[in-house]
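One structure below.
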Amino acid sequence: MKKRLLICLFILLIIPGCYKKDKFNKNINTIIEENKNILIGINYPITNISKLDKVIEKDIETEYNDFKEEYENFKSLSTKSELNIDYTFDLVNENYINIAINIFIDSSKLEQPKNKIKTYVFDIKNNKLLNLRDIIDEKNLKKLVNSSTNKLINNYKECIQLDKLNEKMIPNYDNFNLFTFDNNSIELYFNTGEISFEYCDTLNINIDFSNLDLLIKLEEESSKTINYIDTYPVNKVIDPNKKIVALTFDDGPSKYTDEIIETLHKNDAVGTFFVIGNKVKIYDNTLRKSVKYGNEIGNHSYNHKWLTKLSINELKQQIDKTQDIIYNVTGYKSVLLRPTYGGINSSIRNNTDLQIVMWSVDTMDWKYRNVNTIVKRATANVKDGDIILMHDIKDRTSKALKQIIPILKEKGFEFVTISELNEVKLLRQRNNNEQSK
Ligand code: ZN
């Protein structure tokens with residue numbers, strides 16, 4: 001693992017462009033490892049703040065070593081033991097960084113899969129990790145504990161062990177090590193077993209700041225850079241007789257998104273971006289520019305969890321948190337949902353009003369590294385009304401797009417967003433009905 005880190009650091013040093021420009025969290029360290037007994041997939045952020053990175057790296061290394069020690073020599077007849085680590089990252093007002101690391105272990109050695117969460121709240125100005133003690137005083141801790149107790153019981157009736165909850169819910173800072181916050185609220189996390197039964201996932205609740213006095217200064221949520229837009233701006237008049245196609249981009253925003261929206265803009269084209277909620281704040285300017293250029297923003301969950309595997313509560317959280325953050329950043333309410341991995345079930349259908357958007361052409365740009373292959377897959381068999389799936393997280397996709405747009409234009413296609421595609425389809429239906437009358 002040390003070696004991998006060194007290689008990664010070396011890459012960072014020889015690409016000063018990406019190192020300098022991207023201040024925080026534009027770099028992710030990935031570890032993928034597989035052998036006959038184990039499967040490891042780890043993603044964790046590199047913030048370029050050495051104090052914070054060191055702590056996270058050390059924790060990841062511990063998890064990695066513990067897992068290997070426990071499972072590397074464990075032979076299972078059914079499936080390999082699996083360690084999965086991912087994270088969420090939030091920047092609060094450029095002063096505070098919140099990171100939550102999610103650790104998932106599955107093995108036939110265990111009765112049920114294990115979930116664990118670790119959180120890091122970092123004060124950038126003072127270069128230090130924060131405890132809850134740094135955020136609220138004891139009087140406010142009492143208030144926080146009271147609100148939390150009620151909320152936990154309400155939200156997790158079937159999971160809470162009341163005796164454990166009573167022990168935990170005393171105003172002692174040490175009982176609340178796991179938390180993150182944003183401008184409006186604090187999120188408390190509890191690992192499995194702390195207050196819940198072993199068969200339950202980690203628990204988390206959100207407590208509004210409005211009744212609490214804080215020791216830290218949070219800027220008022222300002223609207224100075226945001227023009228709130230009530231509805232999605234459809235300024236374009238689209239000829240319903242022309243062939244149309246919708247370009248869609250999943251899993252961003254990323255450092256490639258800006259170039260992609262510039263390419264679209266230069267070519268008088270638009271697309272629809274299905275964003276991951278926890279990435280939105282880092283690229284808030286990109287997202288606002290994207291909307292300004294006439295692109296549409298859709299919801300692709302908060303941290304790319306497999307939506308069909310979630311409880312209704314978790315599913316709603318994944319969708320709602322992303323809706324809120326898109327609205328806060330762009331002033332625009334998204335009306336579209338693209339389920340992660342294209343997985344869809346009745347639970348998703350029954351628990352959202354958002355339009356579920358799949359695709360009809362898959363470029364597989366996450367898999368194919370060759371730009372020409374991506375171009376070919378995006379252009380070879382496109383029909384009127386098609387929805388093309390791409391990902392704005394790869395340089396090759398950005399490069400391919402520069403060829404894809406002229407080719408499709410040449411074939412007579414007009415580029416539309418998903419909402420525009422819906423409108424054109426409606427218009428055509430109306431025209432057809434009138435003609436057949
Ligand atoms: Zn995705």
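Would a scan of region 273-283 turn up a residue that is closer than 27 Å to Asn206 by Cβ, more than 15 Å from the ligand (Cβ to nearest atom) and without any contact (Cβ under 8 Å) to a residue 40 or more places away in the chain?
yes
Do we find a residue being of a type in the set (S, T, N, Q), modelled with pLDDT under 95 and over 26 Å from the mean Cα position of the chain (by Cα) anywhere in region 392-404?
Pass one, region 392-404, residues of a type in the set (S, T, N, Q): 397-398, 403.
Within this subset, residues satisfying the condition of being modelled with pLDDT under 95 are none.
No, that holds for no residue.
Residues being open to solvent by less than 20 Å² (accessible area, probe 1.4 Å) and in a helix (DSSP H, G or I): count how many of those fall in region 159-204.
1
Given the options Glu33, Glu82, name the one that is surrounded by fewer than 19 Cβ atoms within 10 Å (Cβ to Cβ), in contact with a Leu (Cβ under 6 Å, 6 or more places away or on another chain) and under 27 Å from Ile276 (Cα atoms). Walk me through it before giving the result.
On the way: Glu33 fails: in contact with a Leu (Cβ under 6 Å, 6 or more places away or on another chain).
Being surrounded by fewer than 19 Cβ atoms within 10 Å (Cβ to Cβ), in contact with a Leu (Cβ under 6 Å, 6 or more places away or on another chain) and under 27 Å from Ile276 (Cα atoms) holds for just one of Glu33, Glu82, which is Glu82.
Is it the case that region 392-406 has a residue that's open to solvent by 10 Å² or more (accessible area, probe 1.4 Å), in contact with a Ser or Thr (Cβ under 7 Å, 6 or more places away or on another chain) and closer than 15 Å to Ile244 by Cβ? Lay out the reasoning, then the answer.
Going residue by residue through region 392-406, those that are open to solvent by 10 Å² or more (accessible area, probe 1.4 Å) are 393-396, 399, 402-403, 406.
Filter again for in contact with a Ser or Thr (Cβ under 7 Å, 6 or more places away or on another chain), leaving 393, 402.
Subset that is closer than 15 Å to Ile244 by Cβ: none.
No - not one qualifying residue is present in region 392-406.
What number of residues within region 333-378 are away from the ligand (no atom under 16 Å from the Cβ), of a type in the set (Lys, Arg) and free of Cβ contacts under 8 Å to residues at least 12 places away in the same chain?
The qualifying residues number 2.
Across region 291-328, what is the number of residues that are more than 16 Å from the ligand (Cβ to nearest atom), part of a helix (DSSP H, G or I), without any contact (Cβ under 8 Å) to a residue 40 or more places away in the chain and touching a helix residue (DSSP H, G or I) at 6+ places or on another chain (Cβ under 7 Å)?
Of the residues in that region, 1 qualify.
Pairs under 8 Å by beta carbon, first residue without any contact (Cβ under 8 Å) to a residue 40 or more places away in the chain in region 118-146, partner part of a helix (DSSP H, G or I) and open to solvent by less than 40 Å² (accessible area, probe 1.4 Å), six or more apart or different chains?
Close Cβ pairs (under 8 Å, with a partner that is part of a helix (DSSP H, G or I) and open to solvent by less than 40 Å² (accessible area, probe 1.4 Å)) amount to Leu141/Leu132; Leu141/Tyr173.
Does Ile387 meet the test of being within 16 Å of the ligand (Cβ to nearest atom) and open to solvent by 30 Å² or more (accessible area, probe 1.4 Å)?
no
Do you know which residues across region 44-74 are within 16 Å of Glu33 (Cα to Cα), open to solvent by less than 50 Å² (accessible area, probe 1.4 Å) and not β-branched (Val, Ile, Thr)?
Within region 44-74, Tyr44, Glu61, Glu63, Tyr64, Phe67, Lys68, Tyr71 meet the criteria.
Out of curiosity, is Ile344 outside any helix (DSSP H, G or I), of a type in the set (Val, Ile, Thr) and either open to solvent by less than 20 Å² (accessible area, probe 1.4 Å) or in contact with a strand residue (DSSP E or B) (Cβ under 9 Å, 6 or more places away or on another chain) (or both)?
For Ile344, the condition - outside any helix (DSSP H, G or I), of a type in the set (Val, Ile, Thr) and either open to solvent by less than 20 Å² (accessible area, probe 1.4 Å) or in contact with a strand residue (DSSP E or B) (Cβ under 9 Å, 6 or more places away or on another chain) (or both) - is met.
Checking the condition under 28 Å from Lys281 (Cβ atoms), assigned by TED's automatic domain parsing to the domain that holds Glu187, in contact with a helix residue (DSSP H, G or I) (Cβ under 8 Å, 6 or more places away or on another chain) and of a type outside the set (Ser, Thr, Tyr), which residue from Asn29, Asn84, Asn37, Asn43 passes?
It is Asn29.
From Asn126, Asn98, grab the single residue that is open to solvent by 50 Å² or more (accessible area, probe 1.4 Å) and in the same structural domain as Thr202 (by TED's automatic domain parsing). Before you say what the answer is, go through the steps one by one.
Details: Asn98 fails: open to solvent by 50 Å² or more (accessible area, probe 1.4 Å).
Selected residue: Asn126, the only one of Asn126, Asn98 that is open to solvent by 50 Å² or more (accessible area, probe 1.4 Å) and in the same structural domain as Thr202 (by TED's automatic domain parsing).
Determine the pairs where a residue that is within 12 Å of Lys279 (Cβ to Cβ), located within region 241-261, has a partner that is part of a loop (DSSP other than H, G, I, E, B) and away from the ligand (no atom under 13 Å from the Cβ) with Cβ atoms under 7 Å apart, the partner being 6 or more residues away or on another chain.
Short answer, once both residue conditions are applied: Lys255/Asp22; Lys255/Lys26.
Report the residue count in region 101-123 for those that are touching a helix residue (DSSP H, G or I) at 6+ places or on another chain (Cβ under 9 Å), part of a loop (DSSP other than H, G, I, E, B) and open to solvent by 20 Å² or more (accessible area, probe 1.4 Å).
1
If you take the residues in region 250-264 that are under 18 Å from Ser419 (Cβ atoms) and more than 16 Å from the ligand (Cβ to nearest atom), which one is surrounded by the most Cβ atoms within 10 Å (Cβ to Cβ)?
Ile261
The values are calculated or read from the model by the stated rules, or taken from the named source; none is laboratory data. Note that the coordinates shown come from a computational prediction; the quantities given were computed from them, not determined experimentally. Here Cβ is always computed from backbone atoms with ideal geometry, including for glycine, and neighbour counts include all displayed protein chains. Heads up: the accessible areas ignore ligands, DNA and RNA and are worked out on the full protein's heavy atoms, side chains in. Shrake-Rupley method; radii C 1.70, N 1.55, O 1.52, S 1.80 Å.
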